[in-house]
Amino acid sequence: MTIQQRITDNLDVMLSSLPPDIAGRLTEINRSDDLLEMILDVGRVPTARYLDGERTLLEREVTRDDIEYVVARIGEFDADNRAGIERTLHRISAIRNRHGRIVGLTCRVGRAVYGTIDIVQDIVTSGKSVLLLGRPGVGKTTMLREAARILAETKRVVIVDTSNEIAGDGDVPHPAIGRARRMQVREPVLQHEVMIEAVENHNPEVIVIDEIGRELEAVAARTIAERGVQLIGTAHGKSLENLLLNPTLSDLVGGIESVTLSDEEARRRGTQKTVLERRAAPTFDVLVEIQDRWVLAVHHDVAVAVDGMLRGRPLPPEVRSLDESGEVRVEVSAPPPPPPSARSGETGYRRQAALPSVSSLPESELPYSPTPPHIPGTPLQPVRIYAYGVARNRLRQASRRLRVPATLVDQPSEADVIVTLRAYYRRHQKLIADAEARRVPVYVLRANTVAQMEGFLTDLFDLRAVPAQDPGLESGLQETQQAIQQVLNGQRSIDLPPASAYIRRLQHQLARQANLISHSYGKEPHRRVRIFRE
């Protein structure tokens, strides 16, 4: 897709409001397309800020007469110290001394850039609520204005215009918003009230809001979203993580709270009992990080993105960019695999280092793998296991299910590996200490269950490779990927066909990588995995 842009800036109106020598200098420089704003401070030289930096306009200092010259030619300043020029998008912000007198002006050039929303137009017109996130000056309001115009062609759109930045100053809105209607806000602190008023009085299908920055505005946004109205808004921030850590605005993406999990759930997740969780459904369905003017990072499902971030497995966003020819490029990264340093999984077991100094050893010398990596089609190497506090009959049952050559020995000195329970390991019995001194791997289970032991044996014998004896693996994983996609697309849950313990383990891993929940149900040989969302 090629994007064609058309820019309207009414720069001549802005220049006519500036002192003649300053306006003349800007005309001489002739870089209007890159001009962002002009800075006029009493007692300092006037400067202009461009995309590539700041530039001095004149060597003389700005006087109070210069400030009064500009103030007399623009609109009135509101409570937020902002003014505009009627039927333009320019914004003039004032700096006052402690007596209330204006001593500085920031004259920002407002532009209507037609076509700027095309890079994410499919998202904006999908009916989902969209939050545009970015640092000041990156182009959030410009994109928001164009989104309002596009949506107003087919829907009833109301803009809540706090500082007249979206639709310009004066009673007649700028033509850049198209057929959208504009509600002005008398004072910035009243923005949340105007947001609710817009929904209650004017029957909109879409509400457009610029700069959500207060807690009451975040609450009002949630109220609007729960009434079935599409929201298109902006907020300051660099990334989803910044927004999540902002106590004022985190509710826009669901908020964070500390929760205590049950023992069973903590074992299933392989985490501590106290974890951070998303508090509620996000107000906005999609989040767009404006990294640069033509580089956007899109989180298509805010709920899934937040959950992944809180669980330490952030999902990479979709990156959309615009090249020099105007073509849109879309890059989608695969979700990262679980970190290899994690020693826990859905079964809850973990393996312990044998000595405190082990972490400094080369990886090839770590005492974690008494068996070499298993190559499909080759026989597994037998391993002697000493079970300390672990039910031996269940361990034998697990080894028979996985068809691994595990031999249970009666003496720790005969063992290649020791497996024990967390309660025993915490007591640091002499047997455990002696095993660690001999650098014998010690595997710690969280519970005395067959599922825990299957996970332990799968890791011990490195069964992550494709087992030659399981012909249903390929079809089982394909069905799992299809089920995951269906759940991500909105289906509540899917039951997979019955599978072996090894395939079920891989199915759990795939579901976990997609930030979904999975459980096993039924009895062998009909035991199956169910994948679902929270």
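When residues in the stretch 285-325 are screened for being touching a Gly at 6+ places or on another chain (Cβ under 9 Å) and among the basic types (Lys, Arg), 1 of them pass.
A search for C-beta distances below 7 Å between a residue of the stretch 235-261 that is without any contact (Cβ under 8 Å) to a residue 12 or more places away in the chain and within 19 Å of His300 (Cα to Cα) and any residue that is of a type in the set (Val, Ile, Thr) and surrounded by 15 or more Cβ atoms within 10 Å (Cβ to Cβ), counting only pairs 6+ apart in sequence or on different chains, returns Ser250/Ile256. The single condition from (1) in contact with a Phe, Trp or Tyr (Cβ under 6 Å, 6 or more places away or on another chain); (2) at pLDDT 80 or above that Val450 fails is (1). Please determine, by comparing only the residues of the stretch 1-31 that are more than 24 Å from Ala72 (Cβ to Cβ) and outside any loop (DSSP other than H, G, I, E, B), which one is modelled with the lowest pLDDT. Once the filter is applied, the top-ranked residue is Thr2.
Among strands (runs of 3 or more DSSP E) entirely within the stretch 311-416, having at least 1 residues that are at pLDDT 85 or above and farther than 26 Å from Ala499 by Cα singles out 318-322, 328-332, 383-388, 406-408. Can you tell me which residue within the stretch 13-26, out of those that are surrounded by 12 or more Cβ atoms within 10 Å (Cβ to Cβ) and without any contact (Cβ under 8 Å) to a residue 24 or more places away in the chain, is nearest to Arg293 (Cα to Cα)? Filtering first and then ranking leaves Leu15. For the stretch 84-103, taking the residues that are out of contact with any Leu (no Cβ under 9 Å at 6 or more places or on another chain) and closer than 21 Å to Leu190 by Cβ, the one that is surrounded by the fewest Cβ atoms within 10 Å (Cβ to Cβ) is identified as Arg91. Examine the stretch 132-155 for a residue that is over 29 Å from the mean Cα position of the chain (by Cα), assigned by TED's automatic domain parsing to the domain that holds Ala297 and modelled with pLDDT of 90 or more, and state whether such a residue exists. Yes; the residues of the stretch 132-155 include at least one that is over 29 Å from the mean Cα position of the chain (by Cα), assigned by TED's automatic domain parsing to the domain that holds Ala297 and modelled with pLDDT of 90 or more.
If you scan the stretch 82-120, which residues turn out to be among the polar types (S, T, N, Q) and at pLDDT below 90? Passing the criteria: Thr88, Thr116. Cβ-Cβ contacts under 9 Å between residues 6 or more apart (or on different chains), taken from a first residue in the stretch 299-313 that is of a type in the set (Asp, Glu) to a second residue that is surrounded by fewer than 18 Cβ atoms within 10 Å (Cβ to Cβ), are listed as Asp301/Leu488; Asp307/Glu277; Asp307/Glu534. In the set (1) in a helix (DSSP H, G or I); (2) among the basic types (Lys, Arg); (3) without any contact (Cβ under 8 Å) to a residue 40 or more places away in the chain, the condition left unmet by Arg530 is number (1). Looking at Leu89, Leu105, just one residue is assigned to a loop (DSSP other than H, G, I, E, B), in contact (Cβ under 8 Å) with a residue 60 or more places away in the chain and not polar (S, T, N, Q), and that residue is Leu89. For Val70, the conditions (1) in a helix (DSSP H, G or I); (2) surrounded by fewer than 20 Cβ atoms within 10 Å (Cβ to Cβ) all hold with the exception of (2).
Within the stretch 249-294, the set of residues being in a strand (DSSP E or B) and modelled with pLDDT of 90 or more comprises Val286, Leu287, Val288, Glu289, Ile290.
The values are calculated or read from the model by the stated rules, or taken from the named source; none is laboratory data. Because the structure is predicted, anything quoted here is derived from the model rather than measured. All Cβ positions, even for glycine, are placed from backbone atoms using ideal geometry, and neighbour counts span all protein chains on display.
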